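Participant: I'd like to ask you about the structure that follows.
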Amino acid sequence: MPELPEVEVVRRGLASWVAGRTIASAEVLHPRAVRRNAGELPDQLKGRTILSAERRGKYLWLPLHDSAADDARGVSGDAAEPPVAAEALLAHLGMSGQLLMVEPLAPLEKHLRVRLGFTDGGPDLRFVDQRTFGHLLVAPMVHMSPRSVPEPITHIAADPLESAFDDAEFANRLRRRHTGIKRALLDQSLISGVGNIYADEALWRARLHWARPTETLSRPAIAELLSAVREVMSEALGQGGTSFDSLYVNVNGESGYFDRSLAVYGRRDEPCPRCGTAVRREAFMNRSSYSCPKCQPTPRNARP
DNA sequence: CGTTTTACCTGGTGGC
DNA sequence: TGCCACCAGGTAAAAC
């Protein structure tokens, strides 16, 4: 459920609540939440200071201050030189992951997986995840131009809201694919941050059927699709994200309300906001695709 | 090698 | 009331 806008809401919350704070304790309550570096996480985090909160697509990470490198530069240091993180705490929320700021004495959540306490005695950072598709790990940073990213996500493409995203290169790669447009939109190594909800909404705005073969898309059509992706994500961000139930929330446990603005997703048999035709639901990759039969006619050469 | 399918996981829902 | 099939779906790994 959490896609780019929802993860960005969480990132902004983390930036204001944990940047500059030092981790005093880390407790893992479910091994699956840290499966990519089992058992080591607490030792890797204790005593580290969080520098900021970053995001690419649906991944977010907290760069960690490297005290050893700081010592090497000398205690006096160069005040003009900002600390460079060699490692970061990387997070993916999966289907149901939440990063919450909670008072340390508050009762433990039913699906609490990881709990971080801070030296200032302020709110904990708690990772709560019902379906355990999400996970946390400490990973080295890889310095790539134009930005540094954690090593495990070097295969994740730039997302359409970051300046590193290259529209022309995206169009070139897309047209070389032999697959359906929705499959391509969901491929995080081609464009990141798009999930089932915003794929359906962007395709509706661009009047494209989800099974349209990528190699038949003109460059102007791709440009319109990218505009639709950016538009729907920006609007959702302005409304705090989308949520259908209490599974997706910001760091304070509050839900966004973009679900009221969805045109087709989850609206089977309801009228298309543009033409009034009943929205259809079609099976797609063992899940669902919602579209308007009139605005998004099925192409003859559909590629499911 | 590029593309497609499957496994992972829990809670809510609807049928019987 | 219980039991079960089914649905939600992002990602990595396996299969094709």
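The values are calculated or read from the model by the stated rules, or taken from the named source; none is laboratory data. Note that this is a predicted model, so its numbers are computed, not measured. Counting neighbours? That spans all protein chains shown, and the Cβs are built from the backbone with ideal geometry, glycine included.
Participant: Can you tell me which residue is surrounded by the fewest Cβ atoms within 10 Å (Cβ to Cβ) among those in segment A:141-154 that are more than 16 Å from the chain's Cα centre (by Cα) and in a strand (DSSP E or B)?
Facilitator: A:H143
Participant: Does A:G241 satisfy the condition of being more than 11 Å from DNA strand B (Cβ to nearest atom), modelled with pLDDT under 95 and either within 30 Å of A:Q98 (Cβ to Cβ) or in contact with a Cys (Cβ under 8 Å, 6 or more places away or on another chain) (or both)?
Facilitator: Taking the combined requirement at face value, the residue satisfies it.
Participant: For segment A:5-30, name all the residues that are within 16 Å of DNA strand C (Cβ to nearest atom) and under 19 Å from A:R131 (Cα atoms). Don't jump to the end; show me each part of the working.
Facilitator: Initial filter on segment A:5-30 (within 16 Å of DNA strand C (Cβ to nearest atom)): A:5-11, A:30.
Within segment A:5-30, A:E6, A:V7, A:V10, A:H30 qualify.
Participant: On the given criteria, is A:V138 aliphatic (A, V, I, L, M) and part of a strand (DSSP E or B)? It would help to see each step written out before you state the result.
Facilitator: Values: aliphatic (A, V, I, L, M): yes; part of a strand (DSSP E or B): yes.
When the stated conditions are applied, A:V138 passes them.
Participant: Can you name every residue in segment A:276-302 that is touching a strand residue (DSSP E or B) at 6+ places or on another chain (Cβ under 6 Å), under 15 Å from A:L203 (Cα atoms) and within 14 Å of DNA strand B (Cβ to nearest atom)?
Facilitator: Correct list: A:E282, A:S288, A:S289.
Participant: So is A:P273 in a loop (DSSP other than H, G, I, E, B), more than 16 Å from DNA strand B (Cβ to nearest atom), at pLDDT 85 or above and in the same structural domain as A:R177 (by TED's automatic domain parsing) or not? Before the answer, list the steps.
Facilitator: Numbers: in a loop (DSSP other than H, G, I, E, B): yes; more than 16 Å from DNA strand B (Cβ to nearest atom): yes; at pLDDT 85 or above: yes; in the same structural domain as A:R177 (by TED's automatic domain parsing): yes.
The answer is yes for A:P273.
Participant: Only one of A:R131, A:R173, A:R177, A:R207 is surrounded by fewer than 19 Cβ atoms within 10 Å (Cβ to Cβ), more than 11 Å from DNA strand C (Cβ to nearest atom) and within 21 Å of A:G266 (Cα to Cα); which? Even if it seems obvious, please write down each step before you answer.
Facilitator: On the way: A:R131 fails: more than 11 Å from DNA strand C (Cβ to nearest atom); A:R173 fails: within 21 Å of A:G266 (Cα to Cα); A:R177 fails: within 21 Å of A:G266 (Cα to Cα).
Being surrounded by fewer than 19 Cβ atoms within 10 Å (Cβ to Cβ), more than 11 Å from DNA strand C (Cβ to nearest atom) and within 21 Å of A:G266 (Cα to Cα) holds for just one of A:R131, A:R173, A:R177, A:R207, which is A:R207.
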